[in-house]
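There's a structure below that I have some questions on.
The values are calculated or read from the model by the stated rules, or taken from the named source; none is laboratory data. All of these numbers come straight from a predicted model, not from anything done at the bench. Cβ coordinates were reconstructed from backbone atoms using ideal geometry, including for glycine residues, and neighbour counts include every protein chain displayed.
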Amino acid sequence: MSTAYLIGAYSSEFGKWPQKSFRDLTREAYLGVVSDAGMENGEEIQFAWFGNCGMAGWGQSSIRGQVCFIPLVEEGLFPKLVPIINVEGACATSSMAFHGAWKDILSGQCEVSLALGVEKLFNPQATPEQIKGSFAGGMDNFTPETTLDVYHRAAEKIGWKFEPGPDRTLFMDTYALQAGYHMWRYGTTQKQIAMAAAKSHNFGAKNPKAQYHFEMTPEQVLEDRLVSYPLTRSMCAPIGDGASAAILCSGDYLRGLPSSVQNRAVKICASVLTGGRYRDFDEPGLSWEAAGRAYSQAGITAGDIDVAEVHDATSFSEIYQSEMLRFCPVGEGGRFIESGEAGPGGRLTLNTSGGLVSKGHPVGATGLSMIYELVTQLRGEAGDRQVKDPEFAIQENGGGVIGFEEAACSVVILQKH
């Protein structure tokens with residue numbers, strides 16, 4: 001199999017940007033990634049993948065990427081006639097765009113491919129019902145009673161009630177019950193979830209791209225407003241806007257670039273996507289399968305990983321995904337986080353970006369923002385949150401919900417070149 005390299009990575013600062021349009025955010029991410037790749041312009045880009053979920057709610061569907069790139073094409077900043085494939089896959093959207101660009105290179109279809117994700121979730125004019133509705137596409141809307149039945153059965157099994165609330169999306173209630181089931185099954189504690197959240201917020205305070213820039217203690221996390229037990233507000237990703245991008249190329253193309261670009265390139269060792277299903281409560285999740293395939297593809301094991309970005313739409317996911325990625329045995333994720341092995345100076349470091357709970361979670365841009373953080377770490381450019389001499393990094397990015405499971409999952413393994 002041929003090898004693809006990542007020569008450009010960029011993320012905007014995540015936050016609530018009512019003054020910025022989709023085109024504004026697209027422009028920032030595109031010009032940022034072109035600059036990071038050492039290109040004078042993007043004229044050598046031969047293919048593009050554009051990720052977004054919510055633009056239809058702002059009046060644009062179907063040709064989202066083409067529309068967002070119109071000004072860039074007209075100004076000569078993006079080459080004419082380059083094909084753009086629009087991608088949508090809930091929170092895993094921009095990871096799917098990345099996967100498409102990766103396959104472009106491996107197939108030999110082109111030498112240089114772009115992946116870009118953009119999202120605007122903050123709309124000050126939207127009603128709470130409209131905001132909640134914007135997330136509804138990430139669930140099974142043809143037979144929603146099937147999903148609800150799964151969670152009612154899980155709640156009954158552990159002696160809880162599944163009672164979605166009007167002040168939050170249904171996702172928060174599903175995540176809360178998944179956490180509750182893990183607490184019942186393995187003895188995981190709310191404090192351990194709070195420790196994961198505090199660690200992420202403390203990293204986010206050092207990340208200029210993060211939506212939140214404050215440190216927290218586990219006690220402060222626990223004292224925050226309850227969203228859906230056991231999850232407090234500080235354990236949940238916020239609403240926000242942002243964009244992120246990556247430029248991938250072939251080995252032949254890389255060898256023709258200046259040494260200043262070659263020295264910052266990152267090798268893509270694996271990119272794996274898996275799809276969800278209605279599974280039994282105690283079966284491993286689809287990220288377990290994706291991680292296994294990725295480790296095999298890369299020829300490494302979990303023990304080789306130095307830094308990881310995992311999809312913590314809530315901080316319980318740090319615990320769960322630590323198990324699915326084989327950082328610790330199944331059922332011991334809470335103790336793994338509590339031990340400090342995933343924190344600064346630990347055996348490996350999780351969510352140095354601040355994770356979704358601190359960095360933010362504009363869903364169509366999230367996956368590529370995780371890639372950006374890992375590239376920054378492997379290049380040694382992460383400043384105060386830098387992990388010491390990392391060689392291998394892993395990303396896990398989930399999207400949507402099918403029963404007790406995500407609907408889609410991406411696992412990417414990167415290596416310092």
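So that you can scan it fast, the table gives a plain yes or no per residue for (1) assigned by TED's automatic domain parsing to the domain that holds ARG233; (2) surrounded by fewer than 23 Cβ atoms within 10 Å (Cβ to Cβ); (3) under 19 Å from SER410 (Cβ atoms):
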| site | (1), (2), (3) |
| --- | --- |
| HIS311 | yes, no, yes |
| SER315 | yes, no, no |
| TYR320 | yes, no, yes |
| ARG326 | yes, yes, yes |
| GLY334 | yes, no, no |
| GLU338 | yes, yes, no |
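Oh, and also: If a residue has to be among the aliphatic types (A, V, I, L, M), within 16 Å of LEU374 (Cα to Cα) and touching a Gly at 6+ places or on another chain (Cβ under 8 Å) to count, how many in segment 244-258 make the cut?
Final tally of qualifying residues: 3.
Taking only segment 364-390 into account, find how many residues are within 22 Å of GLU215 (Cα to Cα), crowded, with 21+ Cβ neighbours inside 10 Å and hydrophobic (A, V, I, L, M, F, W, C).
3
Are any residues in segment 1-27 surrounded by fewer than 21 Cβ atoms within 10 Å (Cβ to Cβ) and under 20 Å from PRO79 (Cβ atoms), and if so, which ones?
Scanning segment 1-27 gives a single hit, ARG23.
Quick one: count up the residues across segment 262-276 that are surrounded by fewer than 18 Cβ atoms within 10 Å (Cβ to Cβ) and touching a helix residue (DSSP H, G or I) at 6+ places or on another chain (Cβ under 8 Å).
2
Can you tell me which of LYS191, LYS199 is surrounded by fewer than 24 Cβ atoms within 10 Å (Cβ to Cβ) and at pLDDT 95 or above? I'd like the intermediate steps shown before the answer.
On the way: LYS199 fails: surrounded by fewer than 24 Cβ atoms within 10 Å (Cβ to Cβ).
Among LYS191, LYS199, only LYS191 is surrounded by fewer than 24 Cβ atoms within 10 Å (Cβ to Cβ) and at pLDDT 95 or above.
Any residue at all in segment 240-248 that is crowded, with 21+ Cβ neighbours inside 10 Å and farther than 25 Å from TRP49 by Cβ?
Residues of segment 240-248 that are crowded, with 21+ Cβ neighbours inside 10 Å, as a first pass: 240-248.
Filter once more, keeping what is farther than 25 Å from TRP49 by Cβ: none.
Looking through segment 240-248, none of the residues is crowded, with 21+ Cβ neighbours inside 10 Å and farther than 25 Å from TRP49 by Cβ.
Sticking with this structure for a sec: Looking at (1) surrounded by fewer than 16 Cβ atoms within 10 Å (Cβ to Cβ); (2) of a type outside the set (Phe, Trp, Tyr); (3) in a helix (DSSP H, G or I); (4) outside the structural domain of TYR372 (by TED's automatic domain parsing), which one does LEU81 not meet, given that it meets all the others?
(3)
Can you find a residue in segment 193-213 that is farther than 27 Å from GLY242 by Cβ and not basic (Lys, Arg)? Walk me through how you get there before you give the answer.
Initial filter on segment 193-213 (farther than 27 Å from GLY242 by Cβ): none.
Within segment 193-213 (the criterion being farther than 27 Å from GLY242 by Cβ and not basic (Lys, Arg)), the answer is no, since none of the residues qualifies.
Also, quick follow-up: Of the residues in segment 318-357, how many are among the polar types (S, T, N, Q), farther than 13 Å from HIS182 by Cβ and either touching a Ser or Thr at 6+ places or on another chain (Cβ under 8 Å) or not in a loop (DSSP other than H, G, I, E, B) (or both)?
So the answer is 3.
When you go through ALA101, ALA115 one by one, which is the residue that is among the small types (Gly, Ala, Ser), closer than 17 Å to PHE50 by Cα, assigned to a strand (DSSP E or B) and modelled with pLDDT of 95 or more?
From the options ALA101, ALA115, the qualifying one is ALA115.
Condition first: in contact (Cβ under 8 Å) with a residue 60 or more places away in the chain, of a type in the set (D, E, K, R) and either more than 25 Å from LEU254 (Cα to Cα) or assigned by TED's automatic domain parsing to the domain that holds LEU378 (or both). Now tell me which residues in segment 1-53 satisfy that.
GLU13, LYS16, LYS20
Please tell me if ALA210 is under 24 Å from the mean Cα position of the chain (by Cα), within 16 Å of MET370 (Cβ to Cβ), outside the structural domain of CYS91 (by TED's automatic domain parsing) and not in a strand (DSSP E or B).
yes
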